[in-house]
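Structure, as structure tokens:
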Amino acid sequence: MEKCNDNKKRTVVPLDKMSRNPCYNFIRSIPRISDKRANAIVDALELTTLQDLIKQDKEDFLSVKGIGESLADEIMNAMKGKRTEGKENEGIL
């Protein structure tokens, strides 16, 4: 986590890790999600737009190999703008 210009702490993904796929970029910004895991989620769920991502529910994420209960919860919380440590962030829902 790094402080941004607005003094809020956010996970910062280096530009060399950014993708043209906004779903990948959002998922990759979640702590504990590696490049490999983000790619697996995007590929398995065929996510290309944020609208595709918004339509997913916890069970969809659980259907991806390597995604368990706690990580699916973290993804859903990030989409709702919540962080596990209780701090709010900007979600997409």
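The values are calculated or read from the model by the stated rules, or taken from the named source; none is laboratory data. This is a predicted model, so every value here is computed, not measured. Note that each Cβ is placed from the backbone with ideal geometry, even for glycine, and that neighbours are counted across all protein chains shown. Side chains included, ligands, DNA and RNA excluded: accessible areas come from the protein's heavy atoms. Shrake-Rupley method; radii C 1.70, N 1.55, O 1.52, S 1.80 Å.
For the reader, a short list of remarks on this structure follows.
- Residue count for region 61-76, restricted to those that are open to solvent by 50 Å² or more (accessible area, probe 1.4 Å) and either more than 12 Å from Arg37 (Cα to Cα) or aromatic (Phe, Trp, Tyr) (or both): 5
- Number of the exception - Ser29 against (1) open to solvent by less than 60 Å² (accessible area, probe 1.4 Å); (2) farther than 16 Å from Lys80 by Cα; (3) touching a residue at least 12 places away in the same chain (Cβ under 8 Å): (2)
- Test: residue in region 2-24 that is in contact with a Lys or Arg (Cβ under 9 Å, 6 or more places away or on another chain), open to solvent by less than 60 Å² (accessible area, probe 1.4 Å) and modelled with pLDDT of 90 or more: no
- Single residue of region 47-82 satisfying the filter (closer than 14 Å to Phe26 by Cα and basic (Lys, Arg)) that is modelled with the lowest pLDDT: Lys82
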